[in-house]
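The structure appears below as structure tokens.
The values are calculated or read from the model by the stated rules, or taken from the named source; none is laboratory data. Just so it is clear, the model here is predicted, and its values are computed rather than measured. Quick reminder, even Gly has a Cβ in these numbers, built from the backbone with ideal geometry, and neighbours come from all protein chains shown.
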Amino acid sequence: MSEKALTIWEQAQVRGVSRRDFLRFCGWMAAAAGIETSALGAVVKALDTKPRLPVVWFHFQECTCCSESFIRSSHPIVSDIVLDKISLDYTETLQAAAGKQAEEALHATMTKYKGQYLMLVEGSVPTGEGGIYCCIAGRSAMDILQEAAKDAKAIVAWGSCASNGCIQAANPNPTGATPIHKLVEGKPVINVPGCPPIAEVMAGTVVHLLTFDRIPHLDGLGRPKAFYSRRVHDTCYRRPNYDAGLFVDSFDDENAKRGYCLYKVGCRGPVTYNSCGIIRWNDGVSYPIQSGHGCIGCSEAKFWDNGPFYQHLAAFPGFGIEKTADDIGVAMGAVTAVGIAAHAVTTNFRKRKQIKEGIRDSEKAPGEGKE
């Protein structure tokens, strides 16, 4: 008779975690995953009663920055998810085993937990020349992907490489780099883009799957809406300066230190959907724009081919904060988006005209211009 697997709470107890810390962890993960307060009980119950989720984590064409982001989070619970809260049975980067032992661990998990294991993929898959550009243990990434995906419960594509191809798929794409969702059929694929994605976003996605036994609500690009429903622009602390027309003209501009908007030097925050300005990196310390570098749009498809990073895109200012990725991010050139943009531009010009008229009126002598 097989030994019953410990639940996540039971495993936490073994590691000396108090009930208070465990509940705090549940609350923190629920908040990070965008789960409303009324559903917190479901999160606690799931982690109280469910065994650790078997996971196999693959690395194909990538730089491992997703793994680096995940394990280097300043929040200790996030790193614990890899080592404790989920059962990480296979990963070329973090496992101690190698060669035959590593392959045995992989196939043992896929056999024992058929239809139950979670497949995490980091990196794109080359399809050119029969897949020879990325081989592991003598097998192509394509072969490995298809074999593991066949019996997976769900697939999570970590980072922009797995989600949209990233730099490998940029023109001219010599290896035929292809994102995971274009190669797998019949299985739910969750895209968690970013170069790299934020550790807490990665953890929140896994916790949602574990808690509700289903994939989270996704946007038109297959991204969890809890983390990719708002533009970086909408949550940026420099946004008031954008609205006021105060921009940095060059990176050595003194106004950059004053928090002026980086749009003119290439920031793609107005057309990029991510949680950078809310969750940030390193326990909420900072993110690229706060560090003085404009957003390069790394969570959007084909961002490497969207023009120079340091030249702002031809875009319309003034999109409302209520606009979502499904309205604009997926079909920026659609007629509806053009109509919205035209209205936004008209409104923006009218607002600036009113501001200029107000300035001229304030500069007039008392009584001047009045009848």
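Structure notes:
- Test: residue in region 171-178 that is on the phi > 0 side of the Ramachandran plot, outside any helix (DSSP H, G or I), among the polar types (S, T, N, Q) and at pLDDT 95 or above: yes
- Subset of region 120-149 (residues that are of a type outside the set (A, V, I, L, M, F, W, C) and over 27 Å from Ala199 (Cα atoms)): Thr127, Gly128, Glu129, Gly130, Gly131, Tyr133, Gly138, Arg139, Ser140, Asp143, Glu147
- Residue check for Pro216: surrounded by fewer than 22 Cβ atoms within 10 Å (Cβ to Cβ) and modelled with pLDDT of 95 or more: no
- Which numbered condition Ser275 fails, given (1) at negative phi; (2) of a type in the set (S, T, N, Q); (3) at pLDDT below 90: (3)
- Applying the criterion of being surrounded by 17 or more Cβ atoms within 10 Å (Cβ to Cβ) and of a type in the set (A, V, I, L, M, F, W, C) to the residues of region 78-101, the residue that is modelled with the highest pLDDT is Leu88.
- Residues of region 1-29 satisfying the condition of being aliphatic (A, V, I, L, M), free of Cβ contacts under 8 Å to residues at least 24 places away in the same chain and touching a helix residue (DSSP H, G or I) at 6+ places or on another chain (Cβ under 7 Å): Leu23
- Count of region 244-271 residues which are of a type in the set (A, V, I, L, M, F, W, C), surrounded by fewer than 17 Cβ atoms within 10 Å (Cβ to Cβ) and without any contact (Cβ under 8 Å) to a residue 40 or more places away in the chain: 2
- Restricting attention to region 219-238 and to residues that are aliphatic (A, V, I, L, M) and in a helix (DSSP H, G or I), the residue that is surrounded by the most Cβ atoms within 10 Å (Cβ to Cβ) turns out to be Val232.
- Screening the candidates Asn282, Asn241, Asn274 for the property of being surrounded by fewer than 19 Cβ atoms within 10 Å (Cβ to Cβ) and not basic (Lys, Arg) yields one hit, Asn282.
- Region 102-133: number of residues that are under 26 Å from Gly204 (Cα atoms) and in a strand (DSSP E or B): 7
- Evaluated against (1) within 20 Å of Met29 (Cβ to Cβ); (2) of a type outside the set (D, E, K, R); (3) touching a His at 6+ places or on another chain (Cβ under 8 Å), Gly266 falls short on exactly one condition, (1).
- Residues that are surrounded by fewer than 20 Cβ atoms within 10 Å (Cβ to Cβ) and β-branched (Val, Ile, Thr) were ranked within region 40-56; the one that is farthest from Gln116 (Cα to Cα) is Val44.
- Hits in region 138-157 - residues which are crowded, with 20+ Cβ neighbours inside 10 Å and either part of a strand (DSSP E or B) or not aliphatic (A, V, I, L, M) (or both): Ser140, Ile155, Val156, Ala157
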